[in-house]
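To start, the structure under review is shown below, and the notes come after it.
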Amino acid sequence: MQQISTNTLNTNIQKDLNFTWSTQAILFCAIIIACIGLNVDSAPVVIGAMLISPLMAPIVGIGYGLGNSNPKLLSKATKLFLIQVVIGVVGATIYFFVSPLNTASAQLLARTQPTLWDVLIAFFGGFAGVISSAKKDGGNVVPGVAIATALMPPLCTVGYGISHLNSTFILGAGYLFLINAFFIALATASGTIFFRIRSGEKLNVSFKQQALILLIAIIIVIPSSISAYSIVHNSYIDTQLSQFIDAKLSNQYIAKQAVSGKTIQLSVIGQRLNDNQVKQLKASMKHYHLDGYQLSLTQLTKGNYITPKEFQDYMKQTDNTDTVQTNANAKADDSLTTIQNDLNEKYAKDISNIYVGQVKDKANTSKQLIAIQLSDKGAGNQNEIEKSANQLVKDNNVDAVVQFVSDNGKS
């Protein structure tokens with residue numbers, strides 16, 4: 001069994017606290033690699049950057065200095081940490097300023113909403129790291145901690161926010177980085193104190209210092225706890241809403257589903273509900289623990305048609321970026337485009353326009369929509385066109401629903 005030694009811990013931590021140009025060059029390279037990974041939404045590239053980054057060393061050094069009440073070591077680690085943070089932020093800002101890819105990827109957006117779970121990951125990851133550093137052969141624990149706590153991505157995201165003058169990215173990612181750095185340091189300090197007690201050393205950490213660290217920890221945790229509660233609450237509401245839709249709107253296709261404040265917004269395609277049915281639908285929300293919410297239901301169909309006004313209102317409402325998109329703004333898949341072209345070619349005089357895009361069914365899975373707008377001449381040929389459309393859907397193996405956009409709104 002490997003022995004855990006405070007001397008080994010001291011040696012392993014101190015050896016990484018030297019300010020050398022090679023270490024800072026490696027950090028700068030890691031920052032650029034992480035930025036590229038975030039920019040192109042590549043998780044493997046981001047993970048690679050985290051593995052080669054030396055950013056963990058000064059944070060662990062700060063925690064070790066606190067645990068030993070060593071002001072000289074604490075000062076040295078803090079200075080190195082601040083220098084590396086500046087290098088990281090400057091490097092990330094330069095990269096995102098010159099990068100031609102300006103859209104925020106999912107990897108970037110994921111670093112703007114820290115939660116209580118990030119606190120737990122940082123603390124227990126840091127504790128695992130200090131145990132590893134106290135062993136003669138730490139194995140692969142430290143690289144694992146670097147990946148789990150993810151120090152690099154939020155620092156890069158701060159750079160993205162600065163380059164795009166976006167305070168949401170700066171504050172959100174900056175807070176996540178603060179959480180990770182602080183609780184890794186706190187875990188290291190706690191582990192150091194534990195090993196010192198275990199080896200019989202006398203502690204010289206004053207009550208005032210302990211109280212100050214605890215107070216800072218509480219202040220840092222509060223916003224993340226609120227964010228965690230919000231995520232849990234929203235997840236619960238989404239689950240209840242899915243059950244509500246599954247039970248009460250099973251014959252409808254959900255074109256839009258959103259919760260804004262205390263309002264649930266649903267845009268549906270299917271058999272039109274009358275006023276009494278809508279009233280009963282709203283009354284049944286209490287059985288799904290949604291009685292504190294108002295239901296805003298937009299029906300995009302009238303009888304068997306999607307009416308022009310409702311369809312266009314919906315398109316404006318979603319700003320052409322939601323689940324349904326017109327053929328002018330969407331890159332439909334090849335099969336759907338083939339169906340669209342075939343129908344236009346076969347019924348050139350009967351069809352004035354065809355809209356293609358995505359809707360979501362009751363299981364919240366995507367399904368193709370083919371919305372056909374008939375000309376005056378084609379109004380009497382609807383049945384034939386519908387049969388042809390459905391046959392093309394079958395032949396092209398497309399999971400699609402065919403609807404008609406009426407020029408006059410008649411059902």
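The values are calculated or read from the model by the stated rules, or taken from the named source; none is laboratory data. As the structure is a prediction and not an experimental result, all values here were calculated from the model. As a convention, Cβ positions derive from the backbone with ideal geometry for all residues, glycine included, and neighbour counts pool all protein chains shown. Heavy atoms of the whole protein, side chains included, go into the accessibility calculation; ligands, DNA and RNA do not. Shrake-Rupley method; radii C 1.70, N 1.55, O 1.52, S 1.80 Å.
Just a few scattered comments:
- Single residue of I193, I179, I131, I162 found to be modelled with pLDDT of 80 or more and either closer than 22 Å to Q14 by Cβ or touching a Leu at 6+ places or on another chain (Cβ under 7 Å) (or both): I193
- Among residues of the stretch 43-68, those that are of a type in the set (G, A, S) and touching a Leu at 6+ places or on another chain (Cβ under 8 Å), counted: 5
- All conditions but one from (1) farther than 16 Å from V158 by Cβ; (2) assigned to a helix (DSSP H, G or I); (3) open to solvent by 10 Å² or more (accessible area, probe 1.4 Å) apply to I32; the one that does not is (1).
- Residue match in the stretch 394-409 (condition: modelled with pLDDT under 70, open to solvent by 50 Å² or more (accessible area, probe 1.4 Å), farther than 28 Å from S242 by Cβ and in a helix (DSSP H, G or I)): no
- Residues of the stretch 1-40 classified as at pLDDT below 85 and over 19 Å from F81 (Cβ atoms), total: 9
- Only one entry in L17, L55, L51 is in contact with a Lys or Arg (Cβ under 7 Å, 6 or more places away or on another chain) and under 21 Å from S133 (Cα atoms), namely L17.
- Listed here are the helices (runs of 4 or more DSSP H) enclosed by the stretch 60-137 that have at least 3 residues being without any contact (Cβ under 8 Å) to a residue 60 or more places away in the chain: 71-98, 116-133.
- Pair list, Cβ under 8 Å, 6 or more apart: the stretch 150-169 residue in contact (Cβ under 8 Å) with a residue 24 or more places away in the chain and more than 20 Å from L120 (Cβ to Cβ), other residue open to solvent by less than 20 Å² (accessible area, probe 1.4 Å) and outside any helix (DSSP H, G or I): L155/L55
- Considering the conditions (1) assigned to a helix (DSSP H, G or I); (2) closer than 22 Å to F127 by Cβ, G174 is excluded by exactly one of them, (2).
- Test: residue in the stretch 12-22 that is open to solvent by 30 Å² or more (accessible area, probe 1.4 Å), more than 24 Å from H164 (Cβ to Cβ) and aromatic (F, W, Y): yes
- Count of the stretch 236-277 residues which are touching a residue at least 12 places away in the same chain (Cβ under 8 Å) and closer than 27 Å to I372 by Cβ: 19
- Considering the stretch 242-274, the residues that are closer than 12 Å to M285 by Cβ and in contact with a Leu (Cβ under 7 Å, 6 or more places away or on another chain) include one that is most open to solvent (accessible area, probe 1.4 Å), namely K248.
- Checking each residue in the stretch 339-370 for being modelled with pLDDT of 80 or more and closer than 22 Å to Y253 by Cβ picks out I339, Q340, L343, I351, I370.
- Residues located in the stretch 98-129, provided they are basic (K, R) and open to solvent by less than 10 Å² (accessible area, probe 1.4 Å): none
- Members of the stretch 41-52 that are within 17 Å of the chain's Cα centre (by Cα) and open to solvent by less than 80 Å² (accessible area, probe 1.4 Å): D41, S42, A43, V46, I47
- Of all residues in the stretch 83-117, those being modelled with pLDDT under 90 and over 21 Å from V45 (Cβ atoms) number 5.
- T157 open to solvent by less than 10 Å² (accessible area, probe 1.4 Å), at pLDDT below 85 and either in contact with a helix residue (DSSP H, G or I) (Cβ under 6 Å, 6 or more places away or on another chain) or of a type in the set (S, T, N, Q) (or both): no
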